[in-house]
Structure formats: structure tokens, C-alpha cells
Amino acid sequence: KKSLKNQFATSEELYINNKNDSNRDQGEICVLMDDEESCVIFVDETELANQAENELVDSIVVVFSVVDNKSFKNGVRKIEMIRQEFEFEKPLFLVANKVDQARQRVVTEKDAKKVATRYNCKYIETSVALNHNVDQLLAGIIRQVRSRRQSSTYNPECEMTKDTKTASMFTKILLQKLMKIGHPDFLCTRLFDV
């Protein structure tokens, strides 16, 4: 995870504007994308537990290793907790890392996509070692957060009731299943679609 954050900070495709190395050390990365600057702050999961109720958390990224089934199962448990217990409705990303180690791979892309689809997550496969899809992930995170903030339905002060959230989640899942009929692509892999 630390390597992923470091790769974000050295993006070649996105203009990284890190004026101050101390900000980078604290997990802050400023990116100029589509002529708009966005500053992203990455926090560890221990810090996230304290901020889960905080409005400042715009997105969560869960990273697992494709060469470690235990890592994948741990990631799935975290996603379940985030979506069901924390009732986190903001963008959530499931990131499969170490795809460069194809011969040792134990978690299939299909299994990971099923989890991402089930919990309404965006899914991407990366290799931090090869810098594969790392910039796309950062751009996808920024686009999802921007889109949510610009959406007319986004109101952080508006709380939905448990019944409304359950009905909303059921509707989303039903629509996702209907959209997949006759469509070979998984919607979860489209990082720039809302």
C-alpha cells in the first residue's frame, strides 16, 4: 500500500504538483487533471476507522494481492464491513495488485470482479512494480469523487434511513444485474463511469 502511494506521487501521465515534500510525507498528493487541481490525502486503515463517520472521507481503496488468497479474503471482509456496517455509499475501489506475477496468481480476475459488482465497487488490476494501471487508478479515484461532489444528488448533510439505503442498494444490484444481461463487460471495471 505504501508502494502504491509512492507510485501515485511520481505519476508520469498526471501532473503532480507536490509543492512541499512534508505534504507528501503525510500522504497528500496534488494532481492537475482536466485543468483542475485536486489534492488527495491517503490515510491508513487505522486512521480510517477514526474518520469513517467524518465527512472528509470521499472514497476508500481496498488493495489485495492476487498471489495471496488470504489477502483477497481479508479485502472482501473489509468491503463487506465498509458497505454493510459503516453503510459507506461513496466510491469504493477494489484493487488487485501484483498482476505481474501471473504464474503465482491464485485469485482470478473473475472472482474479484464478482465481489466488486456485488458490493458496487470499481475494480482495477495493477502492478506497482511495473507501474501498470497506477495512473489510471489515481485518475479514476479523482473522477469518481469529483463526479459525486458535482452530482445534484450529493448532499453530505442529508442522511438516508436504513430502509431507504436497503431499498436503494437492492435497486442498484437489480439494475446492475439487468445491465449485465447480454453484456460481456463488467461495469465495475469502468473507473470513469459513475
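So between ASP44 and THR10, what do we pick up on full extension, going 0.36 nm a residue minus the alpha carbon distance?
10.3 nm
Counting heavy atoms of the protein chains only and a 1.4 Å probe, report the per residue accessible area for the stretch 94-144 as a whole number of Å².
Numbers: 2280 Å² over 51 residues.
With the other protein chains kept in place, the stretch 94-144 gives 45 Å² per residue.
What residues qualify as long-range amide H neighbours of VAL63, i.e. H under 5 Å apart, gap of 5 or more or another chain, H built at 1.01 Å from N?
For VAL63, whose amide H was placed from the backbone, the distant partners under 5 Å are VAL95.
Under 10 Å from the Cβ of VAL99, count the other residues' Cβ atoms, weight Lys and Arg +1, Asp and Glu -1, and hand me the total.
Value of the local net charge: -1.
Residue by residue through the stretch 141-150, what is 3J(HN,Hα) from phi via Karplus (6.51 cos²θ - 1.76 cosθ + 1.60, θ = phi - 60°)? Round to whole Hz and write x for glycine and proline.
4, 4, 5, 5, 5, 4, 4, 5, 5, 7
For the peptides 135-147, 78-90, what is the packing order when you average, over each peptide's residues, the other Cβ atoms within 10 Å and list the highest mean first?
135-147, 78-90
What does the net charge come to around ASP111 if you take all other residues with beta carbon closer than 13 Å to its beta carbon, with K and R at +1 and D and E at -1?
So the surrounding residues net to +4.
The values are calculated or read from the model by the stated rules, or taken from the named source; none is laboratory data. Here the structure is a predicted model, which is why all the values come from computation and not from measurement. With ideal geometry, Cβ positions are generated from the backbone for all residues, glycine too; neighbour counts draw on all protein chains shown. These accessible areas exclude ligands, DNA and RNA; they are computed on the full protein's heavy atoms, side chains included. Shrake-Rupley method; radii C 1.70, N 1.55, O 1.52, S 1.80 Å.
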